[in-house]
Amino acid sequence: MNLRWNSRVGAAILAATLVSGACGGDDKPAPGTPPPAPRGSAAQADADRLGLEVFDLLDRAASYAASHERRYPPTLREAGVDSLTPAFARVLEIEGPPLATVMYRRPIGRVLTSCRAPIDILEESALNEGQFTVTCTDSTGQGHPYTVRRPAGR
């Protein structure tokens, strides 16, 4: 059935929406709404540390590709990088645009457990005075964006 839309119907819907939104009792988030990103110095410190590792991995992959006919390294070992360090486990996915993930090997007590980003952060960093965005996973498994700044001169 086709109903004709007019300004009175639109005004009634708008009024009903405004009234129902204003009558809420508690300020609980709607079901399915992700919790807010952890903030604070500990979360930002984790994002900075993991984000710089992600940046380094992608920078090495781009350097490898520059000298190997635009082919990215099939493994981290080919790029001269270990996948495991005492602090981190690192993964480079090269199916499509390269995507790097760095995670803490011992995440207990950390606000963030891992961060990941596509190779586009190299350009983003060059255009934004060293700042780039990574997506980090907190201890509950939720992903949130964080802005990281690489040190000057890198």
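Quick check on residue 101: is it under 19 Å from the mean Cα position of the chain (by Cα), closer than 19 Å to residue 148 by Cβ and of a type in the set (S, T, N, Q)? Criteria met by residue 101. The single condition among (1) part of a helix (DSSP H, G or I); (2) within 20 Å of residue 144 (Cα to Cα); (3) not β-branched (Val, Ile, Thr) that residue 126 does not satisfy is (2).
If the condition is being among the aliphatic types (A, V, I, L, M), in a loop (DSSP other than H, G, I, E, B) and in contact (Cβ under 8 Å) with a residue 24 or more places away in the chain, then region 84-104 contributes only 94. What number of residues within region 39-83 satisfy the criterion of being touching a residue at least 12 places away in the same chain (Cβ under 8 Å), outside any loop (DSSP other than H, G, I, E, B), more than 24 Å from residue 144 (Cα to Cα) and aliphatic (A, V, I, L, M)? The total comes to 2.
Checking 102, 81 one by one, the residue that is in contact with a helix residue (DSSP H, G or I) (Cβ under 7 Å, 6 or more places away or on another chain), buried (at least 16 other Cβ atoms within 10 Å of the Cβ) and within 17 Å of residue 47 (Cα to Cα) is 102 and no other. The requirement of being modelled with pLDDT under 90, in a loop (DSSP other than H, G, I, E, B) and closer than 16 Å to residue 45 by Cβ is not satisfied by residue 107. Residues being surrounded by 17 or more Cβ atoms within 10 Å (Cβ to Cβ) and closer than 16 Å to residue 56 by Cβ are entirely absent from region 139-146.
The rows are residues; the columns are (1) among the hydrophobic types (A, V, I, L, M, F, W, C); (2) over 20 Å from residue 111 (Cα atoms); (3) over 23 Å from the mean Cα position of the chain (by Cα); (4) at pLDDT 90 or above.
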position	(1), (2), (3), (4)
2	no, yes, yes, no
18	yes, yes, yes, no
32	no, yes, no, no
62	yes, yes, no, yes
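The values are calculated or read from the model by the stated rules, or taken from the named source; none is laboratory data. None of the values given here were measured: they were computed from a predicted structure. Reconstructed Cβ throughout: ideal geometry from the backbone, glycine too, with neighbour counts over all protein chains shown.
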